[in-house]
Amino acid sequence: MTAAVLIAAPASGQGKTTVAAALARLHARAGRRVRCFKCGPDFLDPLWLQAASGHTVDSLDLWINGEADCAQRLAAAAASADLVIVEGVMGLFDGMPSAADLAERFALPVLAVIDAGAMAGTFAALAHGLRTWRPALPWAGVLANRVASERHAGMLRGALRDAAQWQGHLPLHEALRLPERHLGLTMPHESADAIARLDAAADALAATPLGQRPLDGWPAWHAPAAQPASPLPALLRGRRIAVARDAAFAFVYPANVELLQALGAQLVFFAPLAGDALPPCDALWLPGGYPELHAAALAACTTLREQVAAHVRAGRPLWAECGGMMVLAEQLVDAQGHAHAMWGLLPGRTVLGTRLAALGPHRLGFGRDRDAPLRGHSFHWSRFETGLAAAMHTEAVHAPTEADATAGAHAPGRAMTGAGFTATLGEPVYERGTLRASWFHPWFASSPRLAARLFDTAALHA
């Protein structure tokens, strides 16, 4: 039987990714088959989990993916893994649907990670509250992070009402810290010592009860009995899609690549920062990433800029999301206030802000398939200053508050089905010919037909 755990915390910044990656690294190094997931939309944490486990990492979100998609991915992982690790998002009960909703729906035992660096007895109160807020929530224990000393660890453990909940501690040490920047963690390939940091965290975890616990001694977990997925129509058969992929265009869900391939497309990847030319293609995808960190290099891609412009003039589709849209503007203003000439296919300029500009779930429907919209999210610090009118907008989706949803008793089904959710005007979607661009990051599997339309000229406006 496959072991499983959902690693959660009382808030963001507690060390969930460090613990999840350390646990994955520890067992992968021992030759065990580990599969990891990230709760909620995320492009950065999954890269660290992938580096630790050696396998690509999908997101699980009961609204964006849908319950059936989450079940299928968990079932497939359980069929080929000894250990399934799901990293939570924000605090355990934050958001609707929350990490707790996912854990409760799929009976995933929850391990709470608490940053105990500035507390003693309060650690036990937090652990108790997380454990008892929803009594039916499966539980795997609590682990203290950023602990100052063995004496400090003893104080934390001694404060717990149930000592059996103690799964150990990780010390406060620079070698265990994963590097960060404005959008979250950096990418592993940017740090020469990324694997060394993962190994250091795994070594520290190996000294804890969690790290020493054999997988057959974990709480029992029964993987969901997922229904077989319906075969997808070959809507993109014979189409060749070029996908930018490098440090400036790094925000790509592996599941989105797999969906396009399942629709029959051939994907060819190229790296603008390496000087690659645009490959021969029927459609082009410019994903999100960090163009603001590579603005000068992207400005120097004059040959590629002309090739992309010729691609659009020829009537071939171009889908650009978030950072990909920033590159298509006339200018990009970086964090230092320096303006860089971009590729000029969209009028206006993008400006990197000093704080979060948008965060949340969105959906986009258009054409004859608007009733089966693409679901996804928006997350960016930049703004787009342009006189170009939006061709359409996404809908920003707002969940009911916990109080509204529960009315005194938790009702996870409501969070999963979307009952009580409302929508307001969301992110603009810009069009110029066959170019479409938006801050919106779609999850292609939520609406395969609409995903196919983004890359098919004939179906683009149908």
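Bear in mind that the values in this text are calculations on the coordinates, not laboratory data. Note that the structure is a prediction, hence the values are computed from the model and not measured. When we count neighbours, we look across all protein chains shown, and the Cβ atoms used for this are built from the backbone with ideal geometry, even at glycine.
Numbers at a glance
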item	result
Cβ-based net charge around Ile64, under 14 Å, with every Lys or Arg adding one and every Asp or Glu removing one	-3
Binned Cα-Cα distance frequencies in the range 3-217 - 10 Å width, integer %	9, 37, 39, 15, 1
Highest-first arrangement of 103-115, 229-241, where packing means the average Cβ count within 10 Å	103-115, 229-241
Peptides 64-76, 5-17 ordered by average Cβ neighbours within 10 Å, highest first	5-17, 64-76
Cubic angstrom per residue, convex hull over Cα atoms of the range 96-154	86 Å³
Rounded tilt (10° steps) of 67-80 against the dominant C-alpha axis of the chain	70 degrees
Two-decimal Rg to Rh for the chain - Kirkwood Rh, Cα set	0.98
Residue exposure sequence - Phe93, Phe421, Phe123 - by fewest surrounding Cβ within 10 Å	Phe421, Phe93, Phe123
The chain, relative contact order in percent, only Cα pairs under 8 angstrom and at least six apart counted	14 percent
Principal-axis tilt of helix 302-313 within the chain, Cα atoms, nearest 10 degrees	70 degrees
Local net charge near Gly211, Cβ-Cβ under 12 Å (Lys/Arg +1, Asp/Glu -1)	+2
Ala148-Ala220 FRET efficiency (beta carbon distance; Förster radius 35 Å; 0.05 resolution)	0.50
Sum of side-chain charges, Ala234 neighbourhood, beta-carbon under 13 Å (Lys, Arg +1; Asp, Glu -1)	+2
Ratio Rg/Rh [Cα only; Rh per Kirkwood] for the range 257-350	0.98
